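Single-structure report; data block below.
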Amino acid sequence: MQMQDLPYSMPDAAGHFGPYGGIFVAETLMPALAELREAYAAAQADPEFRAEYEYDLKHYVGRPSPIYHAKRWSGLLGGAQIYLKREDLNHTGAHKINNCIGQALLARRMGKPRVIAETGAGQHGVATATVAARYGMECVVYMGSEDVRRQVANVYRMKLLGATVVPVESGSKTLKDALNEAMRDWVTNIGNTFYIIGTVAGPHPYPMMVRDFQAVIGEECKTQIPELAGRQPDAVIACVGGGSNAMGIFYPYIPVAGVRLIGVEAAGHGLDTGKHSASLTAGRSGVLHGNRTYLLQDEDGQVIETHSISAGLDYPGVGPEHAWLKDSGRAEYATITDAEALQAFHDLCHFEGIIPALESSHALAHAAKMAPTLSSDKILLVNLSGRGDKDMHTVAEKSGIRF
Amino acid sequence: MSRISTTFASLAAQGRKALIPFITAGDPQPDQTLPLMRALVAGGADIIELGAPFSDPMADGPTIQRASERALVHGMSLRRVLALVRDFRRENDATPIVLMGYANPVEAYGIDAFARDAHEAGVDGVLVVDYPPEECAGFAAAMKRVQIDPIFLLAPTSTAKRFGEVAQFGAGYIYYVSLKGVTGSATLDLDEVARRIPLIREQVGMPVGVGFGIRDGATAARIATVADAVVIGSRIIEEIENSPAGEAAPRVQGFLSGIRAAMDTATKQGVAL
């Protein structure tokens, strides 16, 4: 089938995706963002930069990551064929490393010897600490003290890699507070410091830049899946917290008509309980962390505390491009509860011998819901964005097991 | 003429500089905000910057974030901040009030509704920290329609282009952030401030207040000799934090009187940097 390509060119020069995105920061950060925009534009135009990025993706990360046809699980579900993009096989165990390599190379090009990052579950922190070690940079990772407690193993991994982990005690002591603290570090140490943001949020150019560095996921899929399955998928499914793995796999497919793009948010204990992280589904437009996007907030405009079994999805905002894709109708957004995600986690372990991250389990759970409603010649491509080793503790606890 | 312009004009006529203290509305308790505002006036404040608390005050340091958290625990909201301003206006019709906060609570309130209610309450200026000029043309226009001054930040790193934008959208005064970092940070480059202020004043055509990093009378005095206003925030919040229950207002008044005296002495003597 011949696909008709549709034009798509976002964001605009000021970083807007329709009404979303932009640059909402204090004046003190403006010059640093301007410097970053210029440096990124120059790097994009430089074939050597691209070559270095691609070299490390191949030889250090292990790209391209394969696509795997989950035949047994698909058969048991009795419907569409589920294919998994195996980002879990990357070095460090998730898609986060793609972006970290891009930004660390940019930091080096800009002559910044120190990198900082915020982290929730610790995956982005680990990926940042990894590339900092790889390129010989000083690394400081901000992490909510609540997350430090929940993710002991990842904290230790970061320390092994030579990073300093700073527990953040303010606010809800989770990802959003770590982000606030990292911004403060950046504004204070702008001269020698590069802030590696881990998701497609923050002030322009971050949402665009992180998307571009993650787009390798979708670009590989566009070549791989026709080789495997004979054609492009009917739907691409990915979990959405901040939304970087979803933007990475969606972006190359945005102009491709006939491919549904489905983002899956965390419904936590259920949307009606208020304990969830479904910003696009249950939030409304607002301004946080430097961009306009959908936000979980109370009627006074205060950002509310979120919940998800998966720390990586536990964030009250979402990347502004997702906000635009939702409003424009190009992408759809669904939700999956903690319990549904856990079921998919166990199913993939049992039926395919793959332990998925709890984040990715949300996308898997949605695919498992969709598959039986579709005929067996339909193709669902799920971004298996990370592996579940980091989640052993959480899953065991839910099953009443203590190590 | 707005209360802010009247204040700067009258100070200029006396050869004095404006003292602009900052407190967070609702910190430590909502019922202490009015007594604290009275104490600021009694201590020599010319303009009061009243912080509207936000859950994620990204541009502030830990001190002002703690103040925000204390206020939010007690249910402070933008609506209640405006109610406090209305109460203050019943007893004081002279001291200008500048609300300082973040974009999201203002947008949740609705920009036009906020403009109307802030004007009715007696607000004179609004500084939304995360609204740079390029993102707030509509907001600045809405404020100006109700005679509220949109106040903008400039930093040591701000470009000449930025001076022009701030001159276009801003009114009242410029808040010059005297150092890199967040509110409450430690060091301040006084020579740099002395070099930049005359340039900004000339290019933007508004009085220039200097804030971030001013913690004592000596620094305030030196700033007063070059700038039009001295802004003090975190140091006052610390005074509130460290006061036993019921003593915050007199302590803040005492602290501010010291700053006021140091500034007035310096400007009277024409002490140079």
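The values are calculated or read from the model by the stated rules, or taken from the named source; none is laboratory data. What you see is a predicted model; the values in this text were computed from it and never measured. Reconstructed Cβ throughout: ideal geometry from the backbone, glycine too, with neighbour counts over all protein chains shown.
Please go through segment A:357-403 and give me each residue that is within 17 Å of A:E340 (Cα to Cα), buried (at least 24 other Cβ atoms within 10 Å of the Cβ) and touching a Pro at 6+ places or on another chain (Cβ under 7 Å), ordered by number. A:L364, A:L384 - these are the residues of segment A:357-403 that are within 17 Å of A:E340 (Cα to Cα), buried (at least 24 other Cβ atoms within 10 Å of the Cβ) and touching a Pro at 6+ places or on another chain (Cβ under 7 Å).
When segment B:143-153 is examined, which residues are found to be crowded, with 22+ Cβ neighbours inside 10 Å and either of a type in the set (S, T, N, Q) or facing chain A (nearest Cβ under 9 Å) (or both)?
Quick first cut of segment B:143-153, residues crowded, with 22+ Cβ neighbours inside 10 Å only: B:143, B:148-153.
Correct list: B:F152, B:L153.
In this entry, A:A267 passes the filter for residues that are away from chain B (no Cβ under 14 Å) and either β-branched (V, I, T) or under 20 Å from the mean Cα position of the chain (by Cα) (or both).
Taking the conditions exactly as written (among the acidic types (D, E), over 17 Å from the mean Cα position of the chain (by Cα) and more than 19 Å from A:G171 (Cα to Cα)), does A:D300 satisfy them or not? Step through it out loud before you land on a result.
Values: among the acidic types (D, E): yes; over 17 Å from the mean Cα position of the chain (by Cα): yes; more than 19 Å from A:G171 (Cα to Cα): no.
Against the criterion (among the acidic types (D, E), over 17 Å from the mean Cα position of the chain (by Cα) and more than 19 Å from A:G171 (Cα to Cα)), A:D300 does not qualify.
Taking strands (runs of 3 or more DSSP E) as the structural unit, those lying wholly within segment A:41-156 and holding at least 2 residues that are more than 17 Å from the chain's Cα centre (by Cα) and not β-branched (V, I, T) correspond to A:67-69, A:81-86, A:138-144.
Checking the structure you have, find out if any residue of segment B:91-103 is assigned to a helix (DSSP H, G or I), within 12 Å of chain A (Cβ to nearest Cβ) and crowded, with 16+ Cβ neighbours inside 10 Å. Yes, some residue in segment B:91-103 is assigned to a helix (DSSP H, G or I), within 12 Å of chain A (Cβ to nearest Cβ) and crowded, with 16+ Cβ neighbours inside 10 Å. Scanning segment B:39-90 for residues that are part of a helix (DSSP H, G or I), at pLDDT below 95 and crowded, with 24+ Cβ neighbours inside 10 Å gives B:I64, B:Q65. Figure legend. Inter-residue proximity from segment A:162-176: first residues under 19 Å from B:P57 (Cα atoms), second residues among the aromatic types (F, W, Y), beta-carbon distance below 8 Å, spacing 6+ or different chains. Indicated pairs: A:V166/A:Y142; A:V168/A:Y142; A:L175/A:Y315; A:K176/A:Y315. The residues of segment A:168-179 that are surrounded by fewer than 24 Cβ atoms within 10 Å (Cβ to Cβ) and facing chain B (nearest Cβ under 8 Å), listed by number, are A:S170, A:G171. Within segment A:181-192, the residues that satisfy the criterion of being within 11 Å of chain B (Cβ to nearest Cβ) and in contact (Cβ under 8 Å) with a residue 24 or more places away in the chain are A:E181, A:A182, A:M183, A:D185, A:W186, A:V187, A:N189, A:I190. Scanning segment A:261-302 for residues that are part of a strand (DSSP E or B) and of a type in the set (A, V, I, L, M) yields A:L261, A:I262, A:V264, A:A266, A:A267, A:V287, A:L288, A:L295.
Residues A:A94, A:A32, A:A26, A:A80: which one is crowded, with 22+ Cβ neighbours inside 10 Å, among the small types (G, A, S), touching a residue at least 40 places away in the same chain (Cβ under 8 Å) and within 14 Å of chain B (Cβ to nearest Cβ)?
Working: A:A94 fails: within 14 Å of chain B (Cβ to nearest Cβ); A:A32 fails: crowded, with 22+ Cβ neighbours inside 10 Å; A:A80 fails: within 14 Å of chain B (Cβ to nearest Cβ).
The conditions single out A:A26.
Within segment B:108-122, residues that are surrounded by fewer than 16 Cβ atoms within 10 Å (Cβ to Cβ) have Cβ atoms under 8 Å from residues that are among the small types (G, A, S) and modelled with pLDDT of 95 or more in these pairs: B:D112/B:A142, counting only partners at least 6 apart in sequence or on another chain.
Scan segment A:152-164 and tell me whether some residue there is in contact with a His (Cβ under 9 Å, 6 or more places away or on another chain) and either surrounded by fewer than 24 Cβ atoms within 10 Å (Cβ to Cβ) or of a type in the set (V, I, T) (or both). The answer is yes; a qualifying residue exists. In the set (1) assigned to a loop (DSSP other than H, G, I, E, B); (2) away from chain B (no Cβ under 11 Å), A:I249 fails one condition alone, (1). Do we find a residue being surrounded by fewer than 19 Cβ atoms within 10 Å (Cβ to Cβ), of a type in the set (D, E, K, R), more than 23 Å from A:N291 (Cα to Cα) and over 17 Å from the mean Cα position of the chain (by Cα) anywhere in segment A:318-331? Scanning segment A:318-331, I find no residue that is surrounded by fewer than 19 Cβ atoms within 10 Å (Cβ to Cβ), of a type in the set (D, E, K, R), more than 23 Å from A:N291 (Cα to Cα) and over 17 Å from the mean Cα position of the chain (by Cα), so the answer is no.
Residue check: is A:T394 more than 14 Å from every other protein chain (Cβ to nearest Cβ) and either β-branched (V, I, T) or within 23 Å of B:A108 (Cβ to Cβ) (or both)? Spell out the reasoning first.
Working: more than 14 Å from every other protein chain (Cβ to nearest Cβ): yes; either β-branched (V, I, T) or within 23 Å of B:A108 (Cβ to Cβ) (or both): yes.
Yes.
A single member of B:P21, B:P57, B:P35 is away from chain A (no Cβ under 14 Å) and either of a type in the set (K, R) or within 23 Å of B:G213 (Cβ to Cβ) (or both), and it is B:P21.
This table checks each residue for (1) within 19 Å of B:L50 (Cβ to Cβ); (2) not in a helix (DSSP H, G or I).
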position	(1), (2)
B:R195	no, no
B:M206	no, yes
B:R222	no, no
B:P244	no, yes
B:Q253	yes, no
B:A261	no, no
B:D264	no, no
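Candidates are the residues of segment B:163-178 that are buried (at least 22 other Cβ atoms within 10 Å of the Cβ) and within 11 Å of another protein chain (Cβ to nearest Cβ); the one that is farthest from A:R292 (Cα to Cα) is B:S178. Within the set A:G258, A:G241, the sole residue that is in a loop (DSSP other than H, G, I, E, B) and surrounded by fewer than 17 Cβ atoms within 10 Å (Cβ to Cβ) turns out to be A:G258.
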